[in-house]
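Asker: Handing you a structure now.
Every read-out reported here was derived from the displayed coordinates using simple, explicitly stated rules and does not represent laboratory data. It should be emphasised that the depicted structure is a prediction, and the values quoted were computed from it without experimental measurement. Here the Cβ positions follow ideal geometry from the backbone for every residue, glycine too, while neighbour counts run over all protein chains shown.
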Amino acid sequence: MRAIPASPAPVLEGDTLTAAARAIVAEEEALLATVQRALAARLAPARGEGDLVGRLRDLRDEALEATPKDLPTVFQEMGLLRAVMERVRPDQLPDPAAPYFAHLRVHEGGERRDYFLGRHTFVDRPAGVRVVDWRFAPVAGIFYRYREGEEFEEAFPGRVATGTVEARRVVVVERGVLTRIAAGPLTLVREGGRWRALAAEAAALGGGAGSAARAGALGTGAGAAGRAGPADITALLDPDQYEAVAAPADRPLLVLGSAGSGKTTVALHRLARIAFEDPRRFPPARLQVVVPELGLARLAARLLEPLGLERSPVRTLESWSRGAFQSVFGAPPPRLFPETPPLVARLKRHPALYELLRRRPHVARERPALARLRRELGDLFVDRGFLEAVVKAAAGTLPATAVDETLRHTRLQLSSSTEDLLAGVDPERLQTLDGKAVDEDTPEAAAGTLDVEDLPILLFLAALRAGAPARKAAHLVVDEAEDVTLFELHVLGRHLAGTSVTLAGDESQQTFASYAGWPQALAALGAPAAATVRLATTYRCPEPVAALAHAVLGPIAPPERPRAGRRGAPVSRFDFPTEAHAHLFLAGALRDLVEREPGASAAVVCSGPEVARSLHRLLADMPEARLSLDGAFTFRPGVDLTDVDGVKGLEFDYVVVPDATARAYPETDEARRRLHVAVTRAAHQLWIAAPGTPSPLLRGLPRG
Ligand SMILES: Nc1ncnc2c1ncn2[C@@H]1O[C@H](COP(=O)(O)OP(=O)(O)OP(=O)(O)O)[C@@H](O)[C@H]1O
């Protein structure tokens, strides 16, 4: 039963706001003032808390010197003081500088009520103030599920509420001042002390950036000084995203969607909601977020802070594996080889290897000692017949040369190091002229090492035999799951107490041959019956970027092109005769951008770290330009010079791909996915530079 939402009143008369728009501003400012007054009254005793702490300290000193007769009185006063201090805990109240991020007015049973959605609950009935935590189901349900003008029906505790949504507004309060109001298609912003209406398309992401880039210049205004802040993402969840966030805690959930469709957003909000609803079963220490890359781990930790989960552990897969290794085998992992040959790594991450190992008969009931498992693994990786069977089962997705590469690499790892062979010789004499160990930088450096890919395989082999780990997570989030191996998923599943898990991923973004299919991933995790939600709108990328991202995938693109949330600046392509020309041009454009838009984030996403380093040298004098490799992102405004391997899951206002050459991005599925990942990091504008021979994947993108 839904009424057609009323069409919005016009907001502009010439250059000034209409009376209707002015009324909305006046109403929201008055409501904010009411909430702030009520909060100030509640917080007033807390302001005196400093005195209370001082008084408590005095009483403690008094207690040290008090006579036994006086002690009970001192203790009683101390008890009273503590009770007062516990009652007034400002950290449990909304922050008056930004007390809420949305306003909902409902008309129910002849009564009109205003609710404000925020991060803490604060109710002052006489003042008519109801700020509710967004995780609190009934009111949030109305806000996220219905639009302005619609009739609602929601189950409240003990009753079913029906009524009409009279107002549904997303608001931004910065430092206590209202700066943005979004009501349906209307967005009003306060800039330079004046309110104005934003064009719908510029408002769509709350960034306020226009779509008209100055010809030849990078930047659309997203990071210009003095802009009103964007809306809080928690206020923007769409109905499908909210249904996923509100899914029952014990239901395993698979969140799929194209790049930038909100998978991470949904997974982390679901985690926050589950923890809020049952804090005993889901305390922060028993929540686990695992992602493949360090950059995304850092971002996820930052995103969890405002959700009240600053203490829940976010880890990279490698760090998680190391921890699990220590707890399962009672020892830290042995020395790891720093750079596993790519083909060997691919074989060790491949689903075909997982299937062959899973199907092997396992007789032992007890968990074998680590040394035995290592031997077993070593034997497998020097067994040509076994490796050939893996390549055959991989059905064309692993080249035959992976067999010899793995044999050679494993033999080196199993051999004794020169130091071992020369045991007993004076260690000083085993140093080379440059002070390094004898084997360093030689093929023999592999002796005695494992590969990082071996850790989950060993954990998997141990898990197959026996014994559940002692410490288990209550809820697990695995993000960018297309890059998580079946070994890792299997072991993660063994470290999960029940079925409370969220797996998020996108097969178009796999960058390491480990993706086997979602049913296989869920089965490995031990959650085959997960509910699946597909997010259909790509919110991050404007239309022109989403279109190019789809075209770049070519034959491996999903059949349906994802819907882009808004229009935006066209993608610019620049061809240059040489890399030097491209670098000089880009360095100039980036300097110019940083001057014009000091609040913007830009990333130069290179195909590999070497290109990032050489571009960084050109910008070395610019403090805003950072070399951000191996996940070392600071998330501050400025320019990150980085590579495609480190940016999965991240986003920047502006993205520059500086080396879209035929060599860096040939016509292969892997290159298609890598370029797709690089371009889909752009939230406002994308530039592509092609020095030398342009990548064939740019076909269809005209030169700018
Ligand atoms: N409903 C929404 N309305 C507006 N913005 C949204 C919405 N949902 C997500 N976003 C924003 O879109 C961007 C992408 O979200 P997110 O990182 O969660 O996507 P993702 O699917 O995990 O992306 P990727 O596949 O690249 O990792 C973020 O800036 C997020 O705040």
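Asker: May I ask what percent, to the nearest 5, of DSSP beta bridges between residues of the chain are antiparallel?
Answerer: Of all bridge pairs located within the chain, approximately 45 percent are antiparallel.
Asker: Exposure proxy check: T680, T401 ranked by fewest other beta carbons within 10 Å? Provide the component values of the computation, followed by the final result.
Answerer: Values: T680 29, T401 10.
The most exposed by this proxy come first: T401, T680.
Asker: Rounding to the nearest 20 debye, state how big the charge dipole of the chain is about its Cα centre with +1 on each Lys and Arg Cβ and -1 on each Asp and Glu Cβ.
Answerer: With Lys and Arg at +1 and Asp and Glu at -1, about 1440 debye.
Asker: Residues with beta-carbon under 9 Å from that of V647, excluding V647: net charge, scoring Lys, Arg +1 and Asp, Glu -1?
Answerer: -3
Asker: For the chain, build the charge dipole from Cβ charges (+1 Lys, Arg; -1 Asp, Glu) around the Cα centre, then report which of A671, V611, F282 sits farthest towards its positive end.
Answerer: Checked the options; the winner is F282.
Asker: Looking at the range 596-677, which GluC sites (Glu not before Pro) are in a loop (DSSP not H, G, I, E or B) and have at most 16 other Cβ atoms within 10 Å?
Answerer: Here the GluC sites (Glu not before Pro) that fit, given the DSSP loop and packing criteria, are E667.
Asker: How much length, in nm to one decimal, is gained on full extension between S614 and T532, taken as 0.36 nm per residue of separation minus their Cα-Cα distance?
Answerer: 25.2 nm
Asker: Using the 10 angstrom Cβ neighbour count as an exposure proxy, how do I181, I556, I24 rank, fewest first?
Answerer: On the way: I181 24, I556 13, I24 21.
With the sparsest Cβ surroundings first, the list reads I556, I24, I181.
Asker: How large is the translational diffusion coefficient of the range 291-364 in µm² per second when you combine the Kirkwood radius over alpha carbon pairs with Stokes-Einstein at 4 °C and 1.567 mPa s?
Answerer: Estimated diffusion coefficient is 85 µm²/s.
Asker: How much net charge surrounds V501 when only other residues with a Cβ under 11 Å from its Cβ are counted (Lys, Arg +1; Asp, Glu -1)?
Answerer: Computed value for this residue: +1.
Asker: Find the relative contact order for the range 455-590 and round it to a whole percent, using C-alpha pairs within less than 8 Å whose residues are 6+ positions apart.
Answerer: 19 percent
Asker: Roughly how many Å is it from the Cα centre of the range 643-704 to that of the range 273-293, as a whole number?
Answerer: 35 Å
Asker: Considering the dipole of the chain built from charges on the beta carbon (Lys and Arg +1, Asp and Glu -1) around the Cα centre, which of T661, G226, V170 is farthest to its positive end?
Answerer: V170
Asker: Would you mind putting 387-394, 156-163, 295-302 in packing order, based on average other-beta-carbon counts within 10 Å, highest first?
Answerer: Going from most to least packed, we get 295-302, 387-394, 156-163.
Asker: Ignoring everything except DSSP H segments at least 4 long, calculate the 222 nm mean residue ellipticity for the chain; use -39,500 (n - 2.57) per segment, divide by total residues, nearest 500.
Answerer: Numbers: 23 runs with 262 residues, N = 704.
About -11500 deg cm²/dmol.
Asker: Can I ask one more? Post the alpha-carbon centroid distance, the range 22-36 to the range 132-171, in whole angstrom.
Answerer: For the range 22-36 versus the range 132-171, the Cα centre distance is 21 Å.
Asker: Treating only the Cα positions of the range 543-698 as identical point scatterers, give the base-10 log of I(q)/I(0) from the Debye formula at each q in 0.09 Å⁻¹.
Answerer: After summing over all Cα pairs, the log10 values are -0.25.
Asker: Another question, if that's okay. Let me check the size of the range 213-363 from its C-alpha atoms; what are the radius of gyration and Dmax in Å?
Answerer: In order Rg, Dmax, the Cα atoms of the range 213-363 give 20.5, 69 Å.
Asker: What is the sum of charges around V291, taking Lys and Arg as +1, Asp and Glu as -1, for the other residues whose C-beta is under 12 Å from the C-beta of V291?
Answerer: Within the 12 Å Cβ shell, the charges total -3.
Asker: First measure r as the distance between the Cβ atoms of E29 and A127, then evaluate 1/(1 + (r/R0)^6) with R0 = 25 Å and state the FRET efficiency to the nearest 0.05.
Answerer: So, using R0 = 25 Å, E works out to roughly 0.95.
Asker: By Kyte-Doolittle mean hydropathy of at least 0.5 and Cα axial length of at least 27 Å, which whole DSSP H helices of the chain are selected?
Answerer: Span-like helices, by this rule, are 19-47.
Asker: Another question, if that's okay. Report the calculated FRET efficiency for A217 and D379 (r = Cβ-Cβ distance, R0 = 60 Å), to the nearest 0.05.
Answerer: 0.50
Asker: I'd like to know which of P691, F652, G588 lies farthest towards the positive end of the charge dipole of the range 543-698, counting +1 on Cβ of Lys and Arg and -1 on Cβ of Asp and Glu.
Answerer: After comparing all options, I get F652.
Asker: Let me know the whole percent of all Cα-Cα pairs from the range 107-206 that are separated by more than 23 Å.
Answerer: Summing the P(r) tail past 23 Å for the range 107-206 gives 34 percent.
Asker: Round to a whole angstrom and tell me the spacing of the C-alpha centers of the range 317-348 and the range 517-581.
Answerer: Centre-to-centre (Cα) distance: 30 Å.
Asker: Could you check what % of the DSSP bridge pairs in the range 543-698 are antiparallel, to the nearest 5?
Answerer: The antiparallel fraction comes to roughly 5 percent.
Asker: On to the next question. Over the range 543-698, what is the mean sequence separation of C-alpha contacts under 8 Å (at least six apart), divided by residue count, expressed as relative contact order in percent?
Answerer: This gives 32 percent for the range 543-698.
Asker: Would you mind estimating how fast the chain diffuses translationally, via Stokes-Einstein at 25 °C and 0.890 mPa s with the Kirkwood radius over Cα pairs, in µm²/s?
Answerer: 86 µm²/s
Asker: Do you know the relative contact order of the chain, to the nearest whole percent, from alpha carbon pairs under 8 angstrom that are 6+ apart?
Answerer: 13 percent
Asker: Follow-up question, since we're still on this one. Compute the distance in nm between two label points, each set 7 Å from the Cα along the Cα-to-Cβ direction, one at R408 and one at I556.
Answerer: 2.6 nm
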